[in-house]
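One structure is given below, encoded as structure tokens.
All of the numbers you see were taken from the coordinates with simple rules; none came from a lab. Because the structure is predicted, anything quoted here is derived from the model rather than measured. Here the Cβ positions follow ideal geometry from the backbone for every residue, glycine too, while neighbour counts run over all protein chains shown.
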Amino acid sequence: MSNSPKTVLLIDDNVVDLKINSKIIQLSNLFDEIVACQSGEEGLNYLHKALNHGDKLPDLILLDIQMPDMDGFEFLEIYKTLPKRLMEVCQIAMLSSTLDFGDIKKAEASLYVIKLLRKPLLIKELEGLL
Amino acid sequence: MSAPNVRVLYIDDEENNLQAFKASFRRQYEIYTAISAAEGLKVLQNISVQVILADQKMPGTTGVEFFKSITDTYPDPIRILLTGYTDIEALADAINHGDIYRYITKPWNDLELHNSIKNAYDAYRAKIDLRNKVAELEKTNDELNRFIYSISHELRAPLVSAMGIVNLVKMEGLYNSSGEYWSLIESCSNKLDYYIQKTLQYYKNNKTVSENSLVDFQQLIPGLIELYTYSDKETTFTVNINQKENFYGDVFRIEVILGNLISNAIKYQKENETDKKVNINVEVRREFVEISITDNGMGILNEHLEKIFTQFFKSKVNQGSGLGLFIVKEALNKINGKIAVSSEPAEGTTFKITIPNVK
């Protein structure tokens with residue numbers, strides 16, 4: 001797995017953060033491909049397409065919590081129903097600036113989330129996940 | 001002398017009583033009369049009255065039964081029961097089921113009845129005022145909650161984006177490219193972020209009711225250290241936890257207290273100290289937990305020791321907000337904890353806290 005090219009999927013409604021985090025990850029050289037989606041729906045479309053066409057599945061999803069229409073937790077509810085082979089290769093970390101106690105506890109409790117990362121994203125935190 | 005718009009409904013099956021009542025009180029109140037419970041109900045359906053008087057002994061239904069029947073549909077008017085003779089059973093029933101304000105025997109004394117109606121009206125006003133105040137408070141509280149939620153999201157999100165940009169600038173080696181401008185932006189952003197976090201903590205500590213649960217210090221302390229060394233890993237922590245007893249307490253407030261003390265221990269190190277150290281000792285006992293946090297930092301001047309827990313106290317040498325230790329003290333007050341401090345300038349500081357085990 002360490003030899004194959006790595007892909008990260010960023011899901012965040014905030015265009016500025018999407019830009020900043022893509023750039024940070026690019027400079028970190030931890031991933032070969034960075035896919036940026038502006039909503040949970042766009043993220044799910046990308047996953048469906050990759051699953052259907054046998055494309056490379058992401059190794060990591062960095063998921064924002066607060067998003068209009070579909071928030072991070074709603075995204076996770078749908079993610080759960082996707083084919084198992086996705087979950088075998090892909091991990092999810094939430095990436096948020098939230099200080100809301102409820103949000104933090106919910107993210108920590110989720111079975112599908114390996115960690116809640118705080119914005120601003122730091123490379124050493126990202127390295128810690130891999 | 002009375003407010004002319006007090007609306008009184010009097011129900012009695014004896015026409016004479018209704019007439020007498022009207023004659024005595026029509027100048028003081030807006031009076032509605034009804035010859036039966038059914039008639040009385042019709043009045044209630046059309047007029048919003050504040051005081052209801054009902055005779056106990058009426059054909060078909062008693063006064064208490066009538067009051068009972070309207071407890072859900074017309075809960076607001078204050079009820080007065082009139083009765084021709086002292087009927088213990090009716091009295092007991094009135095108290096137990098009828099939500100009755102006064103019990104008056106017939107023939108009534110005009111002055112006594114007048115005073116009762118007046119008092120009943122005051123009780124009505126008090127009830128309505130209280131309800132309005134509660135509604136108002138609930139609304140304010142809701143707004144405050146929304147405001148706090150928006151502080152923790154909307155207000156902080158763009159600030160954190162700016163902090164991300166500064167990180168990016170560092171990674172691209174541009175941090176020193178514009179003199180000290182980038183570092184100034186960074187320290188301003190950090191300061192603002194710190195204030196946002198403290199404001200939230202202060203508010204939550206004041207508002208949230210204590211919720212006690214099992215506290216595992218072996219898990220809690222390393223978690224907090226990780227959180228506060230997130231962007232500064234220069235300090236070495238030595239942690240010693242002795243927990244053989246189950247400890248129950250308010251996890252949220254304990255986290256706030258220890259978090260602030262740990263973050264202070266990191267923040268107030270000596271600038272040129274090469275061996276920055278913090279020792280944390282936790283001793284869990286049956287009745288309470290004792291926690292001490294010791295650093296080898298810049299220390300606190302003797303004359304400042306008494307003031308450090310007051311709101312917005314800042315010493316000249318450090319860049320604190322004057323909120324951290326104030327919040328620690330407030331949070332400890334909520335859970336009946338205690339704090340003591342000893343310090344030697346340039347040597348270091350020890351905070352000792354004791355928090356009761358609530359089991």
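Given a cut-off of under 8 Å on Cα pairs at least six residues apart, what relative contact order in percent is computed for chain A?
23 percent
Taking amide H positions as placed 1.01 Å from N in the peptide plane, with prolines and chain starts having none, which residues 5 or more places from B:Val289, or on another chain, fall under 5 Å of its amide H?
B:Ile355, B:Asn357
Which lysines, on any chain, are close to A:Lys80 with Cα under 20 Å apart, when same-chain ones fewer than 8 places away are left out?
Partners within reach: A:Lys49, A:Lys56, A:Lys105, A:Lys106, A:Lys115.
Do you know the relative contact order of segment B:1-71, to the nearest whole percent, from alpha carbon pairs under 8 angstrom that are 6+ apart?
38 percent
Fewest to most neighbouring Cβ within 10 Å: what's the order for B:Leu214, A:Leu82?
Fewest-to-most Cβ neighbours within 10 Å comes out as B:Leu214, A:Leu82.
So what J values fall out for segment B:109-115 if you push phi through Karplus, 6.51 cos²θ - 1.76 cosθ + 1.60 with θ = phi - 60°, rounded to Hz, Gly and Pro as x?
For segment B:109-115, the Karplus-derived couplings read 9, 3, 5, 4, 5, 4, 4 Hz, x marking Gly and Pro.
Can you tell me the 0 to 90 degree angle between the C-alpha axis of helix B:251-267 and the longest principal axis of chain B, rounded to 10?
30 degrees
If I model a spin label at B:Asp72 and B:Ile104 as a point 7 Å from the Cα along the Cα→Cβ vector, what separation in nanometres do I get?
Those two pseudo-labels are separated by 3.0 nm.
Which trypsin sites (Lys or Arg not before Pro) from segment B:1-60 combine a DSSP loop assignment with at most 13 other Cβ atoms within 10 Å?
Sparse-neighbourhood loop trypsin sites (Lys or Arg not before Pro): B:Arg26, B:Arg27.
If each of B:Leu144 and A:Asn29 carries a label point 7 Å out from its Cα toward its Cβ, how far apart are those two points in nm?
In this crude label model, B:Leu144 to A:Asn29 measures out at 5.3 nm.
Which distance in nm do the two modelled labels at B:Ala126 and B:Glu211 give, with both placed 7 Å along the Cα-to-Cβ direction?
Modelled inter-label distance: 3.6 nm.
Out of every Cα pair in chain B, what percent are spaced more than 24 Å from each other?
Pairs farther apart than 24 Å: 70 percent.
Would you mind calculating the relative contact order of segment B:81-193 from Cα pairs under 8 angstrom and at least 6 residues apart, reporting the percent as a whole number?
17 percent
What angle, in degrees between 0 and 90 and rounded to the nearest 10, separates the Cα long axis of helix B:217-228 from the longest principal axis of the Cα atoms of chain B?
Around 70 degrees separate the two axes.
Return the FRET efficiency for the residue pair A:Phe101, B:Asn302: r is the Cβ-Cβ distance, R0 is 35 Å, and the value is rounded to the nearest 0.05.
Calculated value: 0.40.
Can you pull out the GluC sites (Glu not before Pro) in segment B:119-195 whose DSSP state is coil and whose Cβ has at most 15 other Cβ atoms within 10 Å?
Taking segment B:119-195 and a limit of 15 other Cβ atoms within 10 Å, the loop GluC sites (Glu not before Pro) found are B:Glu172, B:Glu180.
Step through the residues of segment B:89-97 one at a time and calculate ³J(HN,Hα) from phi using the Karplus curve (6.51 cos²θ - 1.76 cosθ + 1.60, θ = phi - 60°), rounding each to whole Hz and writing x for Gly and Pro.
With coefficients 6.51, -1.76 and 1.60, one gets 5, 5, 4, 4, 4, 4, 5, 6, 10 Hz.
Within chain B, what's the longest stretch lacking chymotrypsin sites (Phe, Trp or Tyr not before Pro) that sit in DSSP loops with no more than 10 other Cβ atoms inside 10 Å?
Here the longest segment lacking exposed loop sites spans B:86-311.
Dividing the convex hull volume of the alpha carbon atoms of the protein assembly as shown by its residue count, what do you get in Å³ per residue?
Value for the protein assembly as shown: 268 Å³ per residue.
What does DSSP give for the protein assembly as shown in terms of the percent of beta bridges that are antiparallel, rounded to the nearest 5?
Rounded to the nearest five, the antiparallel share is 35 percent.
I'd like the projected area of segment B:102-232, averaged over all directions, using the convex hull of its alpha carbons. Report it in nm² with one decimal.
15.0 nm²
Between segment B:31-103 and segment B:334-349, what is the C-alpha centre distance in whole Å?
Spelled out, the Cα-based centre of one part sits 64 Å from the other.
Determine by what factor the alpha-carbon radius of gyration of segment B:1-154 differs from 2.2 N^0.38 Å, reporting the quotient.
Ratio of Rg to 2.2 N^0.38 Å for segment B:1-154: 1.29.
What is the Å³ per residue value for the convex hull set by the Cα atoms of segment B:286-359?
Cα-based convex hull of segment B:286-359, divided per residue, equals 85 Å³.
Tell me, how many Å apart are the Cα centres for segment A:87-130 and for segment B:247-284?
24 Å
In Å, what is the Rg of the alpha-carbon atoms in segment B:233-324, and how long is Dmax?
That works out to 14.9, 43 Å for Rg and Dmax.
Taking the convex hull of the Cα atoms, report for segment A:27-68 its projected area averaged over all directions, in nm².
3.5 nm²
Debye sum, Cα scatterers, segment A:22-130, no solvent: what log₁₀ I/I(0) at q = 0.17, 0.21 1/Å?
-0.84, -1.31
Taking the 0 to 90 degree range and rounding to the nearest ten, how far is the long axis of helix B:181-207 tilted relative to the main principal axis of chain B, both from C-alpha atoms?
Once rounded, the angle reads 40 degrees.
Using amide H atoms built 1.01 Å from N in the peptide plane, name the residues 5+ places from B:Thr33, or on other chains, whose amide H lies under 5 Å from its own.
Amide H to amide H, under 5 Å and 5 or more residues apart or across chains, B:Thr33 pairs with B:Tyr10.
Could you run the Karplus curve 6.51 cos²θ - 1.76 cosθ + 1.60 with θ = phi - 60° over segment B:294-304 and give me ³J(HN,Hα) per residue in whole Hz, x for Gly and Pro?
10, 10, 10, x, 6, x, 10, 4, 3, 5, 8
Going through the cross-link list B:Lys68/B:Lys204; A:Lys19/A:Lys84; B:Lys267/B:Lys338, which pairs have a Cα-Cα distance over 32 Å in this structure?
In this structure, B:Lys68/B:Lys204 lie more than 32 Å apart at Cα.
How large is the helix-only mean residue ellipticity at 222 nm for the protein assembly as shown, computed as the sum of -39500 (n - 2.57) over DSSP H runs with n ≥ 4, divided by its residue count, in deg cm²/dmol to the nearest 500?
Helix contribution divided over all residues of the protein assembly as shown: -14500 deg cm²/dmol.
So, counting K/R as plus one and D/E as minus one, what does the shell of residues with Cβ under 12 Å around B:Thr354 add up to?
0
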